[in-house]
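Single-structure report; data block below.
Just so it is clear, none of the values below were taken in a lab; they were calculated from the coordinates. All values reported here derive from a predicted model rather than from experimental measurement. Cβ: placed from backbone, ideal geometry, glycine included. Neighbour counts: every protein chain shown.
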Amino acid sequence: MFEKASMKTNQPAKAQLIAHGAGSLTDRQLIEVFVGPKYQLMLDSLMRQYPNLNGLEQLSVEELALFDGIGMNKATNILAAIELGKRILHQQYTRVETVTSSEALGKGLIKYFLGVPQEYLIGFYMDVKNRVIQRQLLSIGSMTASLVDPKLIYRHSLLLKAPRLILAHNHPSGSEKPSEVDVKVTTQLVQAAQIMGIELVDHLIVGENQYYSFREAGKL
């Protein structure tokens, strides 16, 4: 999350939102909309512990409710608003019509996976012109041979009549470097794709600020 420059105004946060839009509010003011203007000390404490709101989305309702002035109802509303924003952002950065390059897709996926605490494997099923026919969540959890089933992955290719495919998964640790398991699983997927006449165009690993492309690294 990032801090926006606040407009110079003495208006309460909610009044400023109505007058100038949510985009005019700082991170602190966005939280103030939920809790009211009288809890400034609590807001000071919250912003010290979670500068730029980083990590706030990982709190449970009970943990957030412990801050004076928030409570269970407001904590529920705040976390629901954060989740709504994440889902909108995720849709924005995976609503790809045509994959122009691994770089373009990889950079977009860095924002898509922002704050995601688990490993997600996503498939972009494409036609011969790299137009995305469908994107599909294939698995949740660590990349292992038991979770990444080539039959399941390429079954979608056959059903969608999609001859090309890009796979992408995130590393919640923040590192984009492939593990030994990542390399092994990718090799198995390439071999299975060749047997089935499907082109695995790339496999992207997404870290906190960077991505790794097996194709760009010459591994595909």
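In table form, for the structure just shown:
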{"quantity": "Cα long-axis angle, helix 102-112 against the chain (0 to 90 degrees, to the nearest 10)", "calculated": "40 degrees"}
{"quantity": "Cα shape, segment 13-92, gyration tensor, a/c 1.5 rule", "calculated": "oblate"}
{"quantity": "Pairs beyond 22 Å (Cα-Cα), from Lys74/Lys111; Lys86/Lys177; Lys111/Lys177", "calculated": "Lys74/Lys111; Lys86/Lys177"}
{"quantity": "Among Leu158, Tyr120, Leu17 the positive-end extreme of the charge dipole of the chain (Cβ point charges)", "calculated": "Leu158"}
{"quantity": "Cα-centre dipole for the chain with unit charges at Cβ (Lys and Arg positive, Asp and Glu negative), debye to 20", "calculated": "620 debye"}
{"quantity": "Principal-axis tilt of helix 150-160 within the chain, Cα atoms, nearest 10 degrees", "calculated": "90 degrees"}
{"quantity": "Antiparallel bridges, percent of DSSP beta bridges restricted to the chain (to nearest 5)", "calculated": "70 percent"}
{"quantity": "Dipole in debye (nearest 20) - segment 163-215, about Cα centre, beta carbon charges: Lys, Arg +1; Asp, Glu -1", "calculated": "120 debye"}
{"quantity": "Segment 96-213: C-alpha gyration tensor shape, a/c 1.5 cut-off, then a/b vs b/c", "calculated": "oblate"}
{"quantity": "Label corresponding to P(r) over Cα pairs in 10 Å bins from 0, in percent when calculated from the structure given, among (i) 7, 29, 26, 17, 14, 5, 0; (ii) 7, 26, 29, 20, 10, 6, 2, 0; (iii) 8, 31, 33, 19, 8, 1", "calculated": "(i)"}
{"quantity": "On Cα atoms only, tilt of 180-196 relative to the major axis of the chain in degrees", "calculated": "50 degrees"}
{"quantity": "Helix-only [θ]222 nm of the chain, DSSP H runs n ≥ 4, -39500 (n - 2.57) each, per residue, nearest 500", "calculated": "-13500 deg cm²/dmol"}
{"quantity": "Loop-located trypsin sites (Lys or Arg not before Pro) in segment 139-192, at most 13 other Cβ atoms within 10 Å (DSSP)", "calculated": "Lys161"}
{"quantity": "Eligible aspartates and glutamates near Lys161 by straight Cα distance, threshold 15 Å, same-chain separation 8 or greater", "calculated": "Asp127, Glu199"}
